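Enquirer: Provided herewith is a single structure, encoded as structure tokens, for subsequent inquiry.
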Amino acid sequence: MHARTLTAMLAVALPVCVGWALMQGSMTIGSGEALHALFAGSDGASAMVVRELRLPRVLAAIAVGGLLATAGVLLQVLLRNPLADPYVLGISGGASSATLAAMLLGLAGWGLNAAAFLGALGTMFLVFGLSRRGGHWTRERLLLTGVVMAAGFGAAISVLLAIAPEGRLPGMVFFLLGDLSATPAPWIGLAVLLAGLALATAMARSLNVLMRGELVAATLGENPLRLRLALYALASLLTAIAVTLAGAIGFVGLVVPHLLRLLGTTDHRWLLAQSALLGATLLLLADTLARTVVAPTQLPVGALTALLGVPLFLFLLARQR
């Protein structure tokens with residue numbers, strides 16, 4: 001599929017899903033009523049539901065889905081491996097562990113943001129440091145180290161939950177399940193997404209070159225070390241903000257970029273924007289289903305993300321020669 005056509009389709013699909021998400025819930029709201037609530041400033045019950053409950057959640061889903069998918073693209077370039085993503089490499093686990101520890105210490109707001117960022121960044125440097133051997137690292141060794149670190153952080157999270165006070169335990173569990181119902185500041189996530197996407201798009205040519213190997217990148221005038229460091233920091237920031245907003249949600253950063261590559265997009269000038277759009281759409285669909293399928297009970301959005309993404313991923317993979 002042509003990159004322009006696919007991008008246009010994704011750009012249309014996202015606002016359609018936004019409208020559907022604003023209308024669906026325990027109280028079904030018509031399209032005209034939802035538009036009136038957004039733009040006319042009415043004060044009825046349906047308007048309050050749309051503006052104060054559903055719109056922040058929709059914006060949070062867009063931000064988190066875009067952040068995770070963009071981070072997945074950057075990490076897959078860094079490793080030149082389609083299996084790389086923040087969850088598999090342990091970055092989400094490091095950010096989650098640091099955030100839970102900050103919760104135990106009574107921190108909130110920007111303290112949690114800082115803890116998540118430091119946890120993600122520290123995990124990245126730890127993974128890459130442990131995977132070096134003789135001054136060099138291989139992609140296979142790096143991926144294996146990330147998987148082991150993810151398992152270690154899973155154990156650390158279990159310990160933190162075991163020693164947590166009873167009053168704080170429910171909030172920590174909801175955080176780990178992935179929860180968009182009480183996102184503190186979705187506008188921050190959207191701002192970080194746009195800034196990170198702009199910065200990554202500015203490096204699109206360098207990313208295309210780096211995918212062909214560090215030697216090729218150096219031959220063509222790039223600085224592989226500086227580029228890798230920039231990817232470390234940017235992927236950590238995007239992951240940390242996503243974890244802070246919605247907790248630990250896996251699979252989005254893995255499946256979205258790979259699906260788009262299976263559909264024929266390899267140029268990062270298009271792949272980054274497409275990944276952000278598809279990641280936002282996928283997580284928005286999953287969150288809408290999570291709060292409507294068995295309403296008023298809400299399902300973990302991370303589980304719904306996997307249930308939506310896995311069949312589509314396997315279908316496209318089976319069709320790929």
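The values are calculated or read from the model by the stated rules, or taken from the named source; none is laboratory data. Here the structure is a predicted model, which means the values were calculated and not measured. Note: ideal-geometry Cβ built from the backbone for every residue, glycine included; neighbour counts use all protein chains shown.
Enquirer: Kindly evaluate A280 against the criterion of being out of contact with any helix residue (DSSP H, G or I) (no Cβ under 6 Å at 6 or more places or on another chain), within 22 Å of A202 (Cα to Cα), part of a helix (DSSP H, G or I) and modelled with pLDDT of 85 or more.
Expert: Details: out of contact with any helix residue (DSSP H, G or I) (no Cβ under 6 Å at 6 or more places or on another chain): no; within 22 Å of A202 (Cα to Cα): yes; part of a helix (DSSP H, G or I): yes; modelled with pLDDT of 85 or more: yes.
Judged against the criteria, A280 is not a match.
Enquirer: Might you check whether a residue that is assigned to a loop (DSSP other than H, G, I, E, B), β-branched (V, I, T) and under 24 Å from G19 (Cβ atoms) occurs anywhere in region 247-262? Spell out the reasoning first.
Expert: Within region 247-262, the subset assigned to a loop (DSSP other than H, G, I, E, B) is 247-251.
Now narrow it down to the ones that are β-branched (V, I, T): 249.
This time we only want the ones that are under 24 Å from G19 (Cβ atoms), so: 249.
Among the residues of region 247-262, at least one is assigned to a loop (DSSP other than H, G, I, E, B), β-branched (V, I, T) and under 24 Å from G19 (Cβ atoms), which makes the answer yes.
Enquirer: Looking at (1) in contact (Cβ under 8 Å) with a residue 60 or more places away in the chain; (2) closer than 29 Å to H258 by Cα; (3) surrounded by 14 or more Cβ atoms within 10 Å (Cβ to Cβ), can you tell me which one G19 breaks?
Expert: (1)
Enquirer: Evaluate region 128-141: report whether one residue or more is in contact with a strand residue (DSSP E or B) (Cβ under 9 Å, 6 or more places away or on another chain) and not hydrophobic (A, V, I, L, M, F, W, C).
Expert: Within region 128-141, one or more residues are in contact with a strand residue (DSSP E or B) (Cβ under 9 Å, 6 or more places away or on another chain) and not hydrophobic (A, V, I, L, M, F, W, C).
Enquirer: Still on this structure, I have one more. Could you check, for region 228-236, whether at least one of its residues is in contact with a Gly (Cβ under 8 Å, 6 or more places away or on another chain), buried (at least 24 other Cβ atoms within 10 Å of the Cβ) and outside any loop (DSSP other than H, G, I, E, B)?
Expert: For region 228-236, residues in contact with a Gly (Cβ under 8 Å, 6 or more places away or on another chain), buried (at least 24 other Cβ atoms within 10 Å of the Cβ) and outside any loop (DSSP other than H, G, I, E, B): absent.
Enquirer: How about region 85-111: which of its residues are outside any helix (DSSP H, G or I) and under 13 Å from the mean Cα position of the chain (by Cα)?
Expert: D85, P86, Y87, V88
Enquirer: With the requirement that a residue be part of a loop (DSSP other than H, G, I, E, B) and either of a type outside the set (G, A, S) or buried (at least 18 other Cβ atoms within 10 Å of the Cβ) (or both), what does region 29-68 give you? Break it down stepwise before answering.
Expert: Quick first cut of region 29-68, residues part of a loop (DSSP other than H, G, I, E, B) only: 29-30, 40-44.
Within region 29-68, I29, D43 qualify.
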